[in-house]
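Taking it in order: structure first as structure tokens, then the write-up.
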Amino acid sequence: MLGCGKINGKSCDLISQLPDNILDSILSLLPLKNAIRTSILSKRWRNLWKSSFSYATHLDFGKDFSKAQTRGQFVSNVNRYLELHNSNKIDEFRLLFHPGEQYKANLNIWIEFAILRGVKNLDLVFCNDEDKEYIQLPDSLFGCNSLMHLRASHIEFNPTTEFSGFSSLVTLRLDQVSIADDVLEKIISTCPVLSHLFLRLCFNLESIKISGSDLQLKSLSLIVTGAYKLDIFAPNLKSLHFCGDILDEYVFRNVVALEDVFISADGYEATENQYDPIEILSAVSHVKILTMCTIIPMYITMLGEYNPEAPLVSLPNLQELQIIIGGQIGEASLRYIFGYIFGFFKHTDCPRLRKLFIDLSGMYIPPYEEETNVPSSCTFYNLRIVKISHFRGTDTELKVVKFFLDTAFLLETLILVAAPDSFTDTVRNNTEDGCGAFQSGNCKKTTSILRDEMLCWPKASKDAQILFEHSKFDTTARSFLILSQQFAQAFHDNPGLRQKGREIVCYPSQILITNMS
């Protein structure tokens, strides 16, 4: 029985003894479907959910609610529940639905229902696999000054001529929305407290301008295709995530507060433009956290080889660097990829770098047997943690491990996360039959062999430890774009992840190699 207990030696339902107002509060915290299910508990509960819902401030007609319903059933149920609602206040209204032509009028009525009740958080997702039509929002939305958080997908964002901005809007998230350059500029300039902006694969954006001397924007996440220019003038911006095609022009002005930058580009092999990674890095040289794909190291390496006398690229405040090696290199081998990474450190100055993460989750291509040139002039005086994910134990990767052991004077931990396709239970148990072992040249090596080799390697830090971690998820076949999109969305939805120290993968089952002196 629900909330069973004993009073005077008799069993009783303690929860049902609570006053109606307390039960209403409890039911208001449940998803609508779960609240309705309580009506079968007893006569006392039969209509409690109705009284609770009538004054609910959070109305969620999202994914859970929409399951196993036809469009007609969905519309009928939403209409029925809104008729029960008697409150003049709504804090949150969520809707996952695609109305088609038949139910567009209902959609507008529902949105206006929330707007008339001063909705603060509006979440509108309109899409399905069959119909990609974009929804035109009602004009009343663009006069809703109670809005603090707006998320919309598959809509045409086309404000009325009278639109003067959302005076209370803090967060704007647009996913696959049709929006023109001038409309975005107007939103930026007329939303005085906008702090978080997320644009994912929006259409009709060509020259993206995020600009304003009084702009309060603190975080910006962009997943972009089809644009040619990005212009940012944002004195309060702290976090920038950009994923998509390489653009013809990047302009960063007055981004003095910027601390965290994520830059990854897709499709660069077929693009000829004026892209200058050194100019981009120079504009954000003061950041503390940098995540990038291998395009930037590749360009810096090539420019450094072309002009050896060029000054170093300075990143004086950089404390955490993450390099994502996906499938974007094409036919290049690990030898070339790590050559770009070595070249990056050869031609940049990162005196405060403390954490380095290298993710090798792209499609695996066996390395060439040719030598990879390791720079002799690199030293790391503050580097404490190095983590290499999707490690396979190739000769090139082992050379990278030796490089950091040789050059990081204060290194504390070097973590090697094995790729799922190269590190099986056979290796974890140190079975010496070679099955599933690390591939090194033409030989396979188990953990114990690698451990014995590493015990003999010299190292600059006497305190350095090496950890082996076991990857439990095979992500090697994921496309780089999907991976980057997931990162951008995760970091946007959970800003606290950045401040806790960001690691792409973190797996348990560690094998600690000690006695390395």
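Of the set (1) acidic (D, E); (2) over 20 Å from F344 (Cβ atoms); (3) surrounded by fewer than 16 Cβ atoms within 10 Å (Cβ to Cβ), all apply to E279 but (2). Residues that are in a loop (DSSP other than H, G, I, E, B) and open to solvent by less than 30 Å² (accessible area, probe 1.4 Å) were ranked within the stretch 59-85; the one that is modelled with the lowest pLDDT is H85.
Residues in the stretch 86-136 that are at pLDDT 95 or above and polar (S, T, N, Q): N121 only. For the structure I just gave you, tell me whether F157 is hydrophobic (A, V, I, L, M, F, W, C) and out of contact with any strand residue (DSSP E or B) (no Cβ under 9 Å at 6 or more places or on another chain). Spelling it out, it is not the case that F157 is hydrophobic (A, V, I, L, M, F, W, C) and out of contact with any strand residue (DSSP E or B) (no Cβ under 9 Å at 6 or more places or on another chain). Give the residues of the stretch 86-116 that are under 17 Å from I155 (Cβ atoms), part of a loop (DSSP other than H, G, I, E, B), open to solvent by less than 50 Å² (accessible area, probe 1.4 Å) and not small (G, A, S), sorted by residue number. Passing the criteria: F97, H98, P99, Y103.
Under 6 Å between Cβ atoms, at least 6 apart or on separate chains: pull out the pairs that start in the stretch 176-198 with a residue that is more than 15 Å from F142 (Cα to Cα) and end on any residue that is part of a helix (DSSP H, G or I). Filtered contacts from the stretch 176-198: F198/H492. When each of T413, T407, T446, T396 is tested for being touching a Pro at 6+ places or on another chain (Cβ under 6 Å) and modelled with pLDDT of 50 or more, the lone residue that passes is T396. Of all the residues in the stretch 194-243, those that are modelled with pLDDT under 90, open to solvent by less than 50 Å² (accessible area, probe 1.4 Å) and over 18 Å from V183 (Cβ atoms) number 1. Note on the stretch 80-91: among residues that are closer than 19 Å to D123 by Cβ and not acidic (D, E), the one that is nearest to the chain's Cα centre (by Cα) is I90. So which pairs qualify, if the first residue must be in the stretch 334-359 and without any contact (Cβ under 8 Å) to a residue 40 or more places away in the chain and outside any helix (DSSP H, G or I), the second must be open to solvent by 30 Å² or more (accessible area, probe 1.4 Å) and of a type in the set (G, A, S), the Cβ gap must be under 6 Å, and the two must be at least 6 apart or on different chains? Close Cβ pairs (under 6 Å, with a partner that is open to solvent by 30 Å² or more (accessible area, probe 1.4 Å) and of a type in the set (G, A, S)) amount to D349/S314.
The values are calculated or read from the model by the stated rules, or taken from the named source; none is laboratory data. Only a predicted model underlies this, so the values are computations on that prediction, with no experimental measurement involved. Positions of Cβ are generated from backbone atoms using ideal geometry, with glycine treated the same way; all protein chains shown enter the neighbour counts. Just so you know, the surface numbers come from the protein's heavy atoms only, side chains and all, with ligands and any DNA or RNA stripped out. Shrake-Rupley method; radii C 1.70, N 1.55, O 1.52, S 1.80 Å.
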